[in-house]
Amino acid sequence: SGHEGAYLAGRLAAKMTTTGTVGIVVSGEPPSWNSQSAGFAEGVKAENADVKILYSVIGPAAYSDAAGGNRVTTSVIAAGADIIFGQGNGSSFGMIQAVESNQATDGSDVMFIDVIGDKSELDTGHLLTSVVWDMTPVYTAMIEDLKADTFGSHGYSISLADDSVKLIETPQVAGTEAWAEVMALRDEIISGAITVEPKFDAEDVRALVTVTE
């Protein structure tokens, strides 16, 4: 669950939106997507409770539906969102197309927050950040436990503490006050000063957002 990173992404989005509306677009509602959607929404609300959060699902399992990603994201942008938190697998490329080809309702550029991987090489100036998952520390811990015959003696999860979850610093946020503040919030999560609990059910996500169909 990348909920800690998604929470930080939500704080960043709330700091940088100019329309006062952000969007979450997902290709389905599996537990991992739900936990990040909820974390993002909680981050937005913690930063600025007045920011509106739109939530739209492309389909029940539309992971490869790039055309659907484009269509749904375009509608969320038209409804006022200027930052899109997209979770889509292949459909995320359609989301990016929509972000690149549409302007926000206030005339500003629309920005995209990606998950799991790093699409920086494809960025045309619209990638705000990505909640990157790096499984190396997790697998390393597993291997060390196998060697010590202690495998399974504790849980294995991704977290900010070992950088197995992290936000990438793009040119769009580098050197900004907002980015520095979010990195300070990261330290607070690691220290325990801020606690972000994962929520894996779609109902919990929908309770935090404005659902668009």
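Here are a few things to note about the model shown:
- Qualifying positions in the stretch 160-171 - under 21 Å from VAL110 (Cβ atoms), open to solvent by less than 50 Å² (accessible area, probe 1.4 Å) and assigned to a loop (DSSP other than H, G, I, E, B): ILE168, THR170
- Residue match in the stretch 52-59 (condition: in contact with a Pro (Cβ under 7 Å, 6 or more places away or on another chain) and in contact (Cβ under 8 Å) with a residue 24 or more places away in the chain): no
- Evaluated against (1) of a type in the set (Gly, Ala, Ser); (2) surrounded by fewer than 17 Cβ atoms within 10 Å (Cβ to Cβ); (3) in contact with a Leu (Cβ under 9 Å, 6 or more places away or on another chain), SER130 falls short on exactly one condition, (2).
- Residue count for the stretch 95-126, restricted to those that are among the acidic types (Asp, Glu), open to solvent by 30 Å² or more (accessible area, probe 1.4 Å) and under 20 Å from THR21 (Cβ atoms): 3.
- Exactly one residue out of VAL173, VAL132, VAL211, VAL205 is under 18 Å from the mean Cα position of the chain (by Cα) and closer than 16 Å to GLY43 by Cα: that is VAL205.
- Residue count, the stretch 99-151 (criterion: assigned to a helix (DSSP H, G or I) and among the aliphatic types (A, V, I, L, M)): 7
- Per this entry, VAL205 is counted among residues that are under 13 Å from GLY39 (Cβ atoms), in contact (Cβ under 8 Å) with a residue 40 or more places away in the chain and not in a strand (DSSP E or B).
- Some residue of the stretch 140-159 being out of contact with any strand residue (DSSP E or B) (no Cβ under 6 Å at 6 or more places or on another chain), open to solvent by less than 20 Å² (accessible area, probe 1.4 Å) and within 24 Å of TYR7 (Cα to Cα): no
- At least 1 residues being open to solvent by 20 Å² or more (accessible area, probe 1.4 Å) and closer than 15 Å to THR212 by Cα is the threshold, and among the strands (runs of 3 or more DSSP E) wholly inside the stretch 1-92 those reaching it are 52-57.
- Within the stretch 101-115, the residues that satisfy the criterion of being free of Cβ contacts under 8 Å to residues at least 40 places away in the same chain and within 24 Å of TYR7 (Cα to Cα) are ASP109, VAL110, PHE112, ASP114.
The values are calculated or read from the model by the stated rules, or taken from the named source; none is laboratory data. Just so it is clear, the model here is predicted, and its values are computed rather than measured. No Cβ is skipped: glycine too gets one built from the backbone with ideal geometry, and neighbour counts run over all protein chains shown. With ligands, DNA and RNA removed, areas are computed over all heavy atoms of the protein, side chains included. Shrake-Rupley method; radii C 1.70, N 1.55, O 1.52, S 1.80 Å.
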